[in-house]
Each structure stands twice: as C-alpha cells, then as structure tokens.
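The values are calculated or read from the model by the stated rules, or taken from the named source; none is laboratory data. Predicted model, so just to flag it, every value in this text is computed and none were measured. Here Cβ is always computed from backbone atoms with ideal geometry, including for glycine, and neighbour counts include all displayed protein chains.
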C-alpha cells in the first residue's frame with residue numbers, strides 16, 4: 001500500500017510507574033489509533049498505533065497518492081490512518097501469536113489526534129484502576145525509510161493478559177522437558 | 001518532548017503526585033485526570049495535584065491519586081506551610097472524555113470534576129477558574145508567584161489562561 005518496506009523492531013518492554021508515564025509519552029500532538037484487545041480472557045488491554053504528527057501527512061499522502069504536505073487533515077486522512085492502524089496492529093498481533101502462541105483480537109479502531117499522554121491516562125483511568133499503580137509498556141518502532149515515517153506500537157496489557165504473556169515467555173525460555 | 005516555557009526549575013507533577021511550594025509546576029497531558037491547584041492568594045504559594053480517580057476507597061498509599069485524599073493532603077500541607085484556609089482559592093483543569101466507544105468507565109473525567117467541586121465546597125474553598133470537560137487533552141503550567149496564574153495548552157492547539 002505504501003509501495004515501501006516497513007520494518008518492525010523487537011519490542012522494548014518496560015514497567016512504568018503511573019507517575020512517570022509522561023517521560024515516555026508526552027503531549028506532542030500525534031495521531032493515535034486505538035484498539036481494545038481481547039484475548040482468551042475478555043478485555044486484555046489496549047493496543048495503540050502512534051504516528052508522530054510530522055509523519056502523518058507523509059504517510060497519508062503516500063497512501064492517497066497526494067503530494068501537498070502543507071494541508072489540513074481531512075476525512076480521507078482519517079480513514080487512511082484507521083486502515084494503517086488495522087494493518088500494522090494485525091501484523092503485530094500475528095507476530096505475537098507466532099512467538100507466544102497467544103491469540104489477541106483487536107476491537108474496531110478509534111482515532112484520536114491529540115496528546116498521547118492524555119489518551120493513555122484516560123484509558124488507564126477508565127479501567128478499574130484503583131489498584132493500578134504501574135503499567136507495562138511494550139513498544140515496537142515502525143520504520144519506513146522511503147517515506148521517513150516515525151511510528152510506534154504500544155501494548156498495554158491488563159493484569160490477566162500480562163500474566164498470560166509472562167507465563168508463555170517463561171515457557172519459551174525454559175521449555176518443559 | 002514538551003513545551004517548557006519556564007526552564008528547568010519547573011516541577012513536573014505526574015499522575016497521582018502533588019507538590020507544595022512557590023516554584024512553577026506543570027502537569028503534562030491531562031485527559032480524564034484533573035489538575036487541581038489550591039493557591040494561597042496572600043503568601044504566593046500553592047499546590048498542584050494530578051488526580052486520577054474520584055475516591056480512594058480507603059487506600060492511603062498514593063494520596064494525590066484520588067480526589068478525596070488529594071484535597072485533604074493539600075490543605076494540610078498548605079496549612080503546615082503557614083497558609084490560612086480563608087486565603088485559599090482553587091483552579092481546576094482537565095476531566096475530558098477522549099473516547100466514546102471503548103468499554104470501561106468512560107465518563108470518569110466528568111465524575112472527577114463533580115467530586116472535586118463538591119469536596120472543595122465542603123471545605124469552603126472557592127473555585128476561581130476552571131477549564132474542564134470536552135474531548136481534548138491539556139498541559140497545564142501553574143505559577144504560584146504570579147498570582148497563581150494557570151496557563152493551559154490544549155490538544156487542539158489553543159493556549160489559554162485562568
């Protein structure tokens with residue numbers, strides 16, 4: 001669709017105290033495509049495709065066959081972003097399914113163009129978060145040199161999903177004999 | 001990453017944290033959370049807290065995370081620093097609803113604001129400025145020495161002051 005290769009980095013995994021989330025996701029406006037993920041247990045957490053604002057126009061132009069970079073985002077851009085979100089997140093989930101043998105299904109996407117920290121804290125607060133003081137962040141960088149696009153995928157698993165992931169990682173590292 | 005008009009002396013208040021003093025303070029990217037300022041008009045000091053949820057439900061480990069424990073601890077800390085309760089005013093920003101369709105408690109921002117308003121009223125602290133609700137993120141900068149000025153940068157690109 002972009003007529004270019006997109007590479008995906010190995011995920012970086014961090015446990016972050018909620019008071020320090022702003023150090024990892026700030027308030028620079030970005031396009032965020034959000035998915036709720038359902039695993040074997042319902043509501044496994046959230047997946048988020050982050051596209052830096054400076055990259056959004058380049059990305060949607062490449063998809064829509066446009067060249068003008070100094071323009072406002074319209075409905076076509078929004079639908080292109082949702083489509084990229086679907087494709088990237090499916091690729092990411094295929095990867096995790098292959099590696100961990102864990103099935104995660106994304107909900108329909110929702111697009112927000114706003115401050116990433118504001119979106120993420122709202123997600124955490126909307127869950128039953130009285131007992132949530134830390135979040136686990138899986139971050140994968142997406143790179144497309146041809147279009148100079150900066151993008152990442154974040155996975156915020158909830159507790160049951162996280163335990164499932166950790167158990168399967170341990171099995172990978174110490175295969176049962 | 002972020003707009004920092006004040007330089008390095010600004011203290012960033014993360015989710016569930018609070019700070020009392022006269023230095024500039026900021027909270028980055030408020031969504032459904034609420035930035036609450038309680039400002040002492042006479043002394044030029046004040047406090048900023050980044051509240052996430054309306055009720056602590058008896059928890060006492062993160063006082064700034066919940067509206068009820070946050071307001072109590074801010075008043076206590078300001079009083080300890082010499083503030084008289086009659087000189088205190090409040091400003092609030094945040095409490096937006098960024099999502100419409102996900103499952104979960106999506107009106108948490110509105111609930112945060114409601115509870116904070118009620119608790120401030122119970123303590124007789126007047127709210128002198130607010131910028132709440134909508135579906136937009138906010139970054140806020142609080143300047144205790146400049147009459148408690150609160151500068152608000154929004155996700156739609158606008159800049160305001162209350």
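With respect to residue B:140, determine if the residue is touching a helix residue (DSSP H, G or I) at 6+ places or on another chain (Cβ under 7 Å), within 30 Å of residue A:33 (Cα to Cα) and at pLDDT 95 or above. Can you show your working first?
On the way: touching a helix residue (DSSP H, G or I) at 6+ places or on another chain (Cβ under 7 Å): no; within 30 Å of residue A:33 (Cα to Cα): yes; at pLDDT 95 or above: yes.
No.
Taking residue A:93 as meeting all but one of (1) more than 29 Å from residue B:28 (Cβ to Cβ); (2) touching a strand residue (DSSP E or B) at 6+ places or on another chain (Cβ under 7 Å); (3) in a loop (DSSP other than H, G, I, E, B), write down the number of the exception. The failed condition is (3).
Of the set (1) facing another protein chain (nearest Cβ under 10 Å); (2) touching a residue at least 40 places away in the same chain (Cβ under 8 Å); (3) out of contact with any helix residue (DSSP H, G or I) (no Cβ under 6 Å at 6 or more places or on another chain), all apply to residue B:61 but (2). When the stretch B:84-98 is filtered for residues that are assigned to a loop (DSSP other than H, G, I, E, B) and away from chain A (no Cβ under 14 Å), only B:84 remains.
Scanning the stretch B:29-44 for residues that are more than 15 Å from residue B:131 (Cα to Cα) and either within 7 Å of chain A (Cβ to nearest Cβ) or surrounded by fewer than 22 Cβ atoms within 10 Å (Cβ to Cβ) (or both) yields a total of 4. Criterion applied to A:99, A:66, A:59, A:73 was being more than 26 Å from residue A:127 (Cα to Cα), part of a loop (DSSP other than H, G, I, E, B) and touching a residue at least 24 places away in the same chain (Cβ under 8 Å), and the one residue passing it is A:73. Among the criteria (1) over 14 Å from the mean Cα position of the chain (by Cα); (2) outside any loop (DSSP other than H, G, I, E, B), the one residue B:120 does not fulfil is (1). The numbered conditions (1) over 15 Å from the mean Cα position of the chain (by Cα); (2) at pLDDT 85 or above; (3) surrounded by 14 or more Cβ atoms within 10 Å (Cβ to Cβ); (4) farther than 23 Å from residue B:16 by Cβ are all true for residue A:19 except (4).
Can you find, within the stretch B:68-108, the residue that is surrounded by the most Cβ atoms within 10 Å (Cβ to Cβ) among those that are under 18 Å from residue B:29 (Cα atoms) and at pLDDT 95 or above?
Initial filter on the stretch B:68-108 (under 18 Å from residue B:29 (Cα atoms)): B:91-99, B:106-108.
When the remaining residues are screened for being at pLDDT 95 or above, the result is B:91-96.
Numbers: B:91: 23, B:92: 25, B:93: 27, B:94: 32, B:95: 27, B:96: 27.
Among them, the one singled out is B:94.
Residue-by-condition table, conditions (1) within 15 Å of residue A:152 (Cα to Cα); (2) modelled with pLDDT under 85; (3) under 14 Å from the mean Cα position of the chain (by Cα); (4) loosely packed, with under 15 Cβ neighbours inside 10 Å:
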{"residue": "A:10", "(1), (2), (3), (4)": "yes, yes, yes, yes"}
{"residue": "A:24", "(1), (2), (3), (4)": "yes, no, yes, no"}
{"residue": "A:27", "(1), (2), (3), (4)": "no, no, no, no"}
{"residue": "A:68", "(1), (2), (3), (4)": "no, no, no, yes"}
{"residue": "A:107", "(1), (2), (3), (4)": "no, no, yes, no"}
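Annotation: residue B:78 fulfils all but one of (1) farther than 18 Å from residue B:22 by Cβ; (2) part of a helix (DSSP H, G or I); (3) out of contact with any helix residue (DSSP H, G or I) (no Cβ under 7 Å at 6 or more places or on another chain); the unmet one is (1).
Within the stretch A:114-139, how many residues are within 7 Å of chain B (Cβ to nearest Cβ) and touching a helix residue (DSSP H, G or I) at 6+ places or on another chain (Cβ under 8 Å)? Number of matching residues: 6. Scanning for something crowded, with 24+ Cβ neighbours inside 10 Å, closer than 22 Å to residue B:21 by Cα and either within 14 Å of chain A (Cβ to nearest Cβ) or free of Cβ contacts under 8 Å to residues at least 60 places away in the same chain (or both), does the stretch B:125-137 turn up at least one residue? Within the stretch B:125-137, none of the residues are crowded, with 24+ Cβ neighbours inside 10 Å, closer than 22 Å to residue B:21 by Cα and either within 14 Å of chain A (Cβ to nearest Cβ) or free of Cβ contacts under 8 Å to residues at least 60 places away in the same chain (or both).
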